[in-house]
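The values are calculated or read from the model by the stated rules, or taken from the named source; none is laboratory data. Remember, predicted model here, so these are calculated numbers, not experimental data. Cβ: placed from backbone, ideal geometry, glycine included. Neighbour counts: every protein chain shown. Calculation scope for accessible area: heavy atoms of the full protein, side chains included, ligands and nucleic acids excluded. Shrake-Rupley method; radii C 1.70, N 1.55, O 1.52, S 1.80 Å.
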Amino acid sequence: MIPVLATERLTLRGWREANFEPFCAFYEKNPFCWYMGGLLSRDDAWWRMATIVGHWSLRGHGFYAMEEKATSQLAGFVGLWFPEGWPERELGWATFAPYRGKGYAVEAALKVREHAYGELGWPTLI
């Protein structure tokens with residue numbers, strides 16, 4: 001149900017249970033996670049990842065797992081977010097430490113934005 005999007009260097013795809021360890025590491029120790037809700041325990045990181053997966057079922061869109069094509073490793077996540085009560089649909093992303101500074105967030109965000117305005121027909125996005 002989650003469409004696969006591709007860029008030159010990335011595959012944007014659905015989540016796998018194997019993605020939990022790097023996802024958890026991001027939320028347990030990383031100061032960048034403050035922009036994504038703050039530090040989380042291992043249990044809370046599991047709930048956060050499950051929420052991301054569930055968002056797809058409820059809204060038909062959500063955060064993609066951002067996989068680096070060259071290594072097949074999870075480099076972060078990017079996608080469309082619109083939980084109950086939010087004023088507008090949002091485009092968000094997070095890149096994991098080894099993948100920062102390579103332009104992956106911009107590359108992935110541009111592809112997701114293209115998908116939102118094109119295939120999904122959204123008129124606006126924040």
Evaluate E = 1/(1 + (r/R0)^6) for Leu110 and Asp44, where r is the Cβ-Cβ distance and R0 equals 35 Å; express this FRET efficiency to the nearest 0.05.
-> 0.70
Mind listing which GluC sites (Glu not before Pro) in segment 1-32 are in a DSSP loop and have 16 or fewer other Cβ atoms within 10 Å?
-> Glu8
Let me know the Rg and Dmax you get for the chain when you use only its Cα atoms, in Å.
-> 13.7, 39
Extension gain, Met36 back to Ala18 (0.36 nm per residue minus Cα-Cα distance, nm) = 4.4 nm
Distance in nm between pseudo-label sites at Ala6 and Leu120 (7 Å out along the Cβ direction from Cα) | 2.2
Accessible surface, per residue, of the chain when the full set of protein chains is kept, probe 1.4 Å, Å² = 55
Simple spin-label estimate for Glu28/Glu90, 7 Å along Cα→Cβ, in nm, reads 2.6
Once the whole set of protein chains is in place, how much accessible area is left on Arg42, using a 1.4 Å probe, in Å² to the nearest 10?
-> 110
Give the Rg/Rh ratio for segment 1-56, taking Rg as the radius of gyration of the Cα atoms and Rh as the Kirkwood radius, to two decimals.
-> 1.01
Cα centroid of segment 57-110 to Cα centroid of segment 21-36, whole Å = 14
Local electrostatic count at Gly76 - Lys and Arg +1, Asp and Glu -1, tallied over other residues with Cβ under 12 Å = -1
